Every structure is written in structure tokens, then in C-alpha cells.
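The values are calculated or read from the model by the stated rules, or taken from the named source; none is laboratory data. Remember, predicted model here, so these are calculated numbers, not experimental data. Because the Cβ atoms are built from the backbone with ideal geometry, glycine has one as well, and the counts that use them run over all protein chains shown. To get the accessible areas, we keep the full protein, side chains included, count just its heavy atoms, and leave off ligands, DNA and RNA. Shrake-Rupley method; radii C 1.70, N 1.55, O 1.52, S 1.80 Å.
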Amino acid sequence: MRVLVTGGAGYLGSVCAAHLVENGHEVAVLDDLSTGHRDAVPDGCRFIEADLAEAAPAVLAEGFDGVLHFAAKSLVGESMEHPERYWQGNVVTTLRLLDAMRAQGTPRLVFSSTAATYGEPATVPITEDAPAAPTNTYGASKLAIDHAISSYVSAYGFAAVSLRYFNVAGAHGRFGERHAVETHLIPIVLQVASGLREAVQIYGEDWPTADGTCIRDYIHVDDLADAHVLALRHATPATHRIYNLGSGTGFSVREVIEACRAVTGHPLPARSAPRRAGDPAVLIASSERARAELGWQPTRTELHRIVTDAWAFNQRHLSLDRS
Ligand code: UFG
């Protein structure tokens, strides 16, 4: 297929673009490089540096079989301080994309959604039928887009899949997580191992969990990319399907730090810090629907494997930055 990947110079977009190329698709990456990196665009992809909202009509007029839409703002804290960036940058931009797809008859969309659409879960594991009650503007903006996609799909008949990610981590060779502002646990712990930070802060040790720290469902970015390739293939006209993507296993903050100690050999000093606002105690996905309907089989589910790949990427970039 001829596929447009928006945000394909970012972490998830670059890994998924690489998987699409490896699966024989013809890929164009569109990215404004506001948070992405030019050198993260995989070989074999055409690169279009542009603002998505402005460029979507002209780019889609070239004729694409599908769009994988990653371009978005994704910092929970920023979304609470500057909500306009999320309503404009995520919602309005995606409406422009949907209108351009409608005008050009682009038949398929795979959308990068998030577990943040659910908010504080009433029960775990979380299924797609759980109530959607986001606790932050980031999650609310992604949920609004899911609603918009559903109504465009029923009115205009294109095929759409929203994938709701849990905690994505790991790397795919030279493609990995390189955020200017890092808030995620695994990259922060690895920055301590690289000497870029002194210690890890543990946000709360009094949660109602076995070791008192929060539990999350970590999914390897390569498993996530496999799901995108399958979603593109299985997308059905006039249907909007929503799938959770997680490994179905939870690890606590302490277990993550311990796995990072084992992989890096660094003592990784950790300090107790207050709870972070908006953090639920436990988030674990049920991905049964993706397994049953897409035939998705996550295979890199061991925490050790996820951290090993993230660490290899981290070391590679550190040596490139120093050379
Ligand atoms: N944590 C720490 N110290 C840190 C960073 C994180 O203790 O320095 C803890 C957090 O409190 C949380 C866990 O590690 O308990 C994971 O935190 P992350 O920031 O790595 O990930 P989140 O679970 O907060 O966020 C993820 C996605 C978001 C998405 C959210 C949905 O990264 O994009 O799940 O709930 F919005």
C-alpha cells in the first residue's frame, strides 16, 4: 500500500514507518520537526517537512491508500497548563486531516490514541468497553478525535482503527525515544544510568499496590508497530474499530528500576517523591480484542527485553552525540 505517516520523525511514528517499509509498503513521512528528528525518518521513506493542517489537502491529493496518524502533542502536564495547544494541535489539526481524506477519497486511517482516554479505571484489566472519562486534556483531546473519527466513518464510509496505547517503551534499532522534555519512567531511569541525572524520583510509595508504587502495562514499541501494520490490513470500510494495546502484565515502578539495574549494571539511586497529580495506581490493558480480531501477538513482553532494547538505543545515541 501507499501509506502516509504523519509524525513519522517521532518515536512511535519512526518505528512504525520502519516496520511498514520492512513489510513492503511505500511510505511517505510528513512531520514539521517540532518534536521529531530528521535523522529518525527511516531509509526508504520519502520525507515531507510540513505543517499537517496546512499540507494535508495537497499531500493527500497525490493519492494514498491509507494514513497512519501519529502527529500530536502528548505531554499530560503541558496539556493541563496550555489546553489550547491540545485542542488546536491535536483536535483541529486532525479535523483538517479528516476533511482532506474525505475530499481526496483516502480509504483508510489508523489513529494513535491512548489509554489516557479512560482516566481512572473502575476495574482492571481495562477493556475497550470501559467508561471513557479522561482526567487530563491530553486524554480528552484524543477521545474527542475518536468521536470525530466515528462520525466521519459512519457518514463518509472510510475504514478507521484507533489504537489505544498503554506504556510504550523499548526501541527498534536506531529508532527510539528522544524527547527534549522527558517525563516517562524508563528513559528517565536510563538517563540516570548514563550519568545525565543523579537519581530517579519515585512518585509515591504509598499506593495500594504490593510494593506501594504505581503499576503500569509496558508494551514494546515493536509489538506496537506490528499492531499498526495489522490494523492497516484489517481496516474495514464504514467501520471504526478501537483496540487497546498493552502486554496485559503490570510492573511496578520499583520493578522497572530493578530491571534497569540488572540491564545497565548501575546502582540507580532512587528517592521517594510525592505522588504525581493525575496518576492512577494501576493501569493494565486487556488486549483480547486486538488479539482476536487483528490476530495480534505481542512477543517482546518481558520487561528485561524492553529495557535492554531501550538501553542499547540510549547508548548508541549517547555515543553519536559525543562523537
Ligand atoms: N514515574 C516515577 N518517576 C518518574 C517518572 C514516572 O515514579 O520520574 C512513575 C509515574 O508516576 C507512573 C509510572 O512511573 O506511575 C509511569 O509513568 P510514565 O510517565 O512513564 O507513564 P504514564 O503511565 O504516566 O503515562 C502513560 C503514557 C501517556 C498516557 C498515560 C495514560 O506515557 O502518554 O500512560 O494513562 F497518557
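Quick check on segment 172-187: of everything there that is buried (at least 19 other Cβ atoms within 10 Å of the Cβ) and hydrophobic (A, V, I, L, M, F, W, C), which residue is nearest to the ligand (Cβ to nearest atom)? Filtering segment 172-187 for residues that are buried (at least 19 other Cβ atoms within 10 Å of the Cβ) and hydrophobic (A, V, I, L, M, F, W, C), the one nearest to the ligand (Cβ to nearest atom) comes out as LEU185.
Determine, yes or no, whether ALA169 is open to solvent by less than 20 Å² (accessible area, probe 1.4 Å) and under 23 Å from HIS266 (Cβ atoms). In short, yes.
Considering the conditions (1) open to solvent by less than 50 Å² (accessible area, probe 1.4 Å); (2) modelled with pLDDT of 95 or more, THR299 is excluded by exactly one of them, (1).
Table: residues versus (1) in contact with a Phe, Trp or Tyr (Cβ under 6 Å, 6 or more places away or on another chain); (2) closer than 25 Å to ALA238 by Cβ; (3) within 16 Å of the ligand (Cβ to nearest atom).
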site: ALA61; (1), (2), (3): no, yes, no
site: VAL67; (1), (2), (3): no, yes, no
site: PHE70; (1), (2), (3): no, yes, yes
site: GLY77; (1), (2), (3): no, no, yes
site: LEU97; (1), (2), (3): no, yes, no
site: MET101; (1), (2), (3): no, yes, no
site: GLN104; (1), (2), (3): no, yes, no
site: LEU109; (1), (2), (3): no, yes, no
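Any chance you could count how many residues in segment 94-141 are of a type in the set (Val, Ile, Thr) and farther than 25 Å from VAL282 by Cα? Walk me through how you get there before you give the answer.
The initial filter retains those residues of segment 94-141 that are of a type in the set (Val, Ile, Thr), namely 94, 106, 110, 114, 117, 123-124, 126-127, 135, 137.
Subset that is farther than 25 Å from VAL282 by Cα: 94, 106, 110.
Within segment 94-141, residues that are of a type in the set (Val, Ile, Thr) and farther than 25 Å from VAL282 by Cα number 3.
Could you check segment 135-149 and list, in sequence order, the residues that are open to solvent by less than 40 Å² (accessible area, probe 1.4 Å) and either within 15 Å of the ligand (Cβ to nearest atom) or among the β-branched types (Val, Ile, Thr) (or both)? If you could, list the steps in order and put the result at the bottom.
Taking segment 135-149 as the starting set, the residues that turn out to be open to solvent by less than 40 Å² (accessible area, probe 1.4 Å) are 136-146, 148-149.
Residues satisfying the conditions are ASN136, THR137, TYR138, GLY139, ALA140, SER141, LYS142, LEU143, ALA144, ILE145, ASP146, ILE149.
Figure legend. Inter-residue proximity from segment 258-271: first residues more than 11 Å from VAL189 (Cβ to Cβ) and in contact (Cβ under 8 Å) with a residue 60 or more places away in the chain, second residues aliphatic (A, V, I, L, M) and outside any helix (DSSP H, G or I), beta-carbon distance below 8 Å, spacing 6+ or different chains. Indicated pairs: ARG271/ALA199; ARG271/VAL200; ARG271/ILE202. For segment 203-220, the candidate set comprises residues that are within 12 Å of the ligand (Cβ to nearest atom) and crowded, with 19+ Cβ neighbours inside 10 Å; within that set, the residue that is nearest to THR106 (Cα to Cα) is ILE219.
Quick one: count up the residues across segment 221-248 that are in contact with a Pro (Cβ under 6 Å, 6 or more places away or on another chain) and open to solvent by less than 10 Å² (accessible area, probe 1.4 Å).
Taking segment 221-248 and keeping what is in contact with a Pro (Cβ under 6 Å, 6 or more places away or on another chain), we get 223, 247.
If we keep only those that are open to solvent by less than 10 Å² (accessible area, probe 1.4 Å) too, we end up with 223.
Residues meeting the conditions: 1.
Given the structure, is VAL189 within 19 Å of VAL263 (Cα to Cα), modelled with pLDDT of 95 or more and more than 14 Å from the chain's Cα centre (by Cα)? So VAL189 passes the test.
Checked against the criteria, ALA140 counts as among the aliphatic types (A, V, I, L, M), outside any loop (DSSP other than H, G, I, E, B), modelled with pLDDT of 95 or more and touching a Pro at 6+ places or on another chain (Cβ under 9 Å). Among all residue pairs at least 6 apart or on different chains, which show Cβ distances below 7 Å where the first residue, located in segment 135-152, is touching a residue at least 60 places away in the same chain (Cβ under 8 Å) and at positive phi and the second is within 14 Å of the ligand (Cβ to nearest atom) and of a type in the set (A, V, I, L, M, F, W, C)? If the second residue must be within 14 Å of the ligand (Cβ to nearest atom) and of a type in the set (A, V, I, L, M, F, W, C), no pairs are left.
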